[in-house]
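No value in this document is a laboratory result; all are computed from the given coordinates. On a predicted model such as this, the values are computed, not experimentally measured, just so you know. Because the Cβ atoms are built from the backbone with ideal geometry, glycine has one as well, and the counts that use them run over all protein chains shown.
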């Protein structure tokens, strides 16, 4: 099959923009996507007459849509697949970090999940460490100089007792474990739900 | 099935868009039931055997997701056209999933069909 160098250039320019949108994806995967799209454009351009024409190439590229939105669909589909296959928070966070680089929505979801998992870990750690540092681990309430009330969670790694009044005592063990676990589960649900919402929000365009 | 006239020109409503999107995964798995196909063949199969006319920019990313889910696998095959083509084929778990989805679909559409019988009588010409 012959193809004019001008059409070739047009294909290259289009695929270069798609490739740019796939940043963050494993390089092998991205290369394979580009190779498949190139093969599709060549087939599609040749479909009508047998020879790939400049008009055919243009139509094929138009059929694929804008390079940015095409790359966006690939990355979202990949995010979805990863989140579906694994429920591990590590994989989920990795996915969210990538998503954060792609859109503002992803950034906020990532921030929220980071906070959720962080708090969950602290609560559980607090419960676990309480028996080892009974006087310095727990939740402390203190009145600030400005009059505001502040709560602080202390893991008791240093020997000084925090200022203020400890409010939970040994209750930190069941409460910390319960809240920590609850927060952990709900953060995972929230992250998966957000990814699903993001995916559903993308409409299916028709040619 | 006969294509509805004007089907391509009417702007699809939101519900229809969601419906099509929801069925696309099953449609793609079903199109691969008879053997391996490359992307453009899948698109043509969808367009000719069903009214699922979908954008090319939707099918390729979806194929890549089905692959990461382990429902299809792919291989590159040299072609007469001078460039290799990426062929997709169902994995055993893809076959299982397709059967499962087809059963759910049949049950669902039969149930909804019964519910819609009175509506059909109302519009019968």
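The base-10 log of I(q)/I(0) for the stretch B:12-112, evaluated at q = 0.11 Å⁻¹, reads -0.34 [Debye formula, identical scatterers on Cα atoms, solvent excluded].
A simple spin-label model places the labels of residue A:142 and residue B:119 6.5 nm from each other, with each point 7 Å out along Cα-to-Cβ.
Using Cα springs under 10 Å in a Gaussian network model of chain A, which residue among A:123, A:168, A:42 shows the largest mean-square fluctuation? Among A:123, A:168, A:42, the largest GNM mean-square fluctuation belongs to A:168.
The length gained by stretching the chain between residue A:132 and residue A:13 to full extension, at 0.36 nm per residue less their Cα-Cα distance, is 36.6 nm.
On the beta carbon distance between residue B:80 and residue B:48, with R0 = 22 Å, the FRET formula returns roughly 0.50. The mean number of partner chain beta-carbon atoms within 10 angstrom of a residue's beta-carbon across peptide B:77-85 is 4.
Return the calculated 222 nm mean residue ellipticity for the protein assembly as shown, to the nearest 500 deg cm²/dmol, obtained by summing -39500 (n - 2.57) across DSSP H runs with n ≥ 4 and dividing by the residue count. Each step should come with its number before you reach the end.
Working: 11 runs with 209 residues, N = 332.
Rounded to the nearest 500, it is -21500 deg cm²/dmol.
List the relative contact order of chain A as a percent without decimals, with contacts defined as Cα pairs under 8 Å and 6+ residues apart.
Numbers: 234 pairs, mean separation 34.8, N = 207.
Worked out over chain A, it gives 17 percent.
For chain A, the longest principal axis of the Cα atoms and the long axis of helix A:104-129 meet at an angle of about 30 degrees.
Applying 0.36 nm per residue to the separation of residue A:121 and residue A:186 and subtracting their alpha-carbon distance, the gain on full extension is 22.1 nm. Annotation: extensible slack from residue A:167 through residue A:27 equals 45.2 nm (criterion: 0.36 nm per residue apart, minus Cα-Cα distance).
Evaluate chain A: find the radius of gyration of its Cα atoms, find its Kirkwood radius, and give the ratio Rg to Rh. Kindly include the intermediate steps, with their values, before the conclusion.
On the way: Rg = 26.3 Å, Rh = 21.0 Å.
Looking at chain A, the ratio lands at 1.25.
Relative to the longest principal axis of the Cα atoms of chain A, helix A:89-100 runs at roughly 60 degrees. Angle of helix A:27-46 to the longest C-alpha principal axis of chain A, folded into 0 to 90 degrees and rounded to 10: 30°. Comparing Cα centroids, the stretch A:96-119 and the stretch A:171-190 end up 19 angstrom apart. Residues considered: A:46, A:30, A:100. Largest GNM mean-square fluctuation over chain A, using C-alpha springs under 10 Å, is found at A:46.
What is the fewest-to-most order of A:110, A:126 by other Cβ atoms lying within 10 Å of their Cβ? Each step should come with its number before you reach the end.
Numbers: A:110 20, A:126 25.
Starting with the residue having the fewest Cβ neighbours, the order is A:110, A:126.
Pick from A:95, A:137, A:53: which residue has the top mean-square fluctuation in a GNM of chain A where Cα pairs under 10 Å get a spring? Of the options given, A:53 has the highest mean-square fluctuation.
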